[in-house]
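Structure, as structure tokens:
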Amino acid sequence: MLKWQVAITTENPRTLYLVIELLKKLDLTFVVCPPRDSHCDDAKVIITDHNNSNSNYNTIVINDEIDPDFTAIEIMTKLYDIHKPSFAVIGIDPGMRFGVALVIDGVAIFKNSLTSPDAAARLTSRLESYVVRLFPSCKTIVRTGIGSKLYSTLYLRTMNHCFPALEVELVNEHRTTLSGGFTSDQSSAILIAGRSGRPHTENDTILEPKEGYIKSLKLYVRRFTRAKKEISRDEARAILLGETSLDRILADDC
């Protein structure tokens, strides 16, 4: 029986610190040991900065320029014995907080929460690039919930403008919203990733300047900027009509 999920073997203090902090965040058990120590044999995954040609599949070679998200995904795929996956889905739960999850061959590998459509779209693109890097033959699609029309549309607009090559499906969010908990949006994103969706159309990027949307945008900007910025009704209408973007307005003052 394995005593630890991960063994860390490095003599670089900075690398050791970064890896330990990442493993704590992932809530994984680990041991620190010298290179080629027998304790490494008791772990499912070995993380090292020694580029040994004899390393096995479950060895991850890193340096002190570690990308935490990519390394987390690499660790989790090895822990779950994901070798040659055929299908990956990035699930999105839009709202004032965007839940984002990466599910590979039905296994939830990564999850996070972000505070803007632009940040969620950029993370989506990075996750897709990570999958390509680890598993070049694996197909990746994006599935976003449409329970919040306002925020799902703002996310879709950003994806279409910045990352048009990524395939995005729209998913009915019925019974994907879990009550309570700071990370409930992440759990919802995982459920959304597991549902089949439909291709989006041009109509899905259209928002009418409804009073409810205007109020929601004004509230969102106040929360996002911690009351340091207010937007006018005209600015909110311009966002809804696609004449400007929410992220452009936020970037002007944040």
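Just so you know, all these numbers are worked out from the coordinates, no wet-lab data involved. Every value quoted in this text rests on a predicted model; they were computed, and no experiment measured them. Ideal geometry is used to build each Cβ from the backbone, glycine not excepted, and the neighbour counts take in all protein chains shown.
Couple of notes before you dig in:
- Where only C-alpha atoms are counted, convex hull volume of segment 119-254 per residue in Å³: 134 Å³
- Summing Lys and Arg as +1 and Asp and Glu as -1 over all other residues whose Cβ lies under 11 Å from the Cβ of residue 133 gives a net charge of -2.
- Relative to the current alpha-carbon distance between residue 215 and residue 165, full extension at 0.36 nm per residue lengthens the span by 14.7 nm.
- Cα coordinate range in segment 1-142, projected on the principal axes (Å, largest first): 47, 30, 27
- Neighbourhood net charge (11 Å Cβ-Cβ; Lys/Arg +1, Asp/Glu -1) for residue 154: 0
- Cα pair count fraction exceeding 23 Å, expressed as % - the chain: 56 percent
- Using every pair of separate Cα atoms, the Kirkwood estimate puts the hydrodynamic radius of segment 211-253 at 10.1 angstrom.
- Of all DSSP-defined beta bridges confined to segment 1-125, some 55% are antiparallel rather than parallel.
- The residues neighbouring residue 94, those whose beta-carbon lies less than 10 Å from its own, together hold a net charge of -1 under the Lys/Arg +1, Asp/Glu -1 convention.
- Centroid-to-centroid separation of segment 121-152 and segment 205-254 [C-alpha atoms, Å]: 25 Å
- Shown here is the pair-distance distribution of segment 91-137: with all Cα-Cα distances grouped in 10 Å bins from zero up to the longest one, the shares run 27, 53, 18, 1 percent.
- DSSP beta bridges fully contained in the chain are about 40 percent antiparallel.
- Unsatisfied cross-links (Cα-Cα over 18 Å) in the set 111/218; 3/44; 44/139; 111/215: 111/218; 44/139; 111/215
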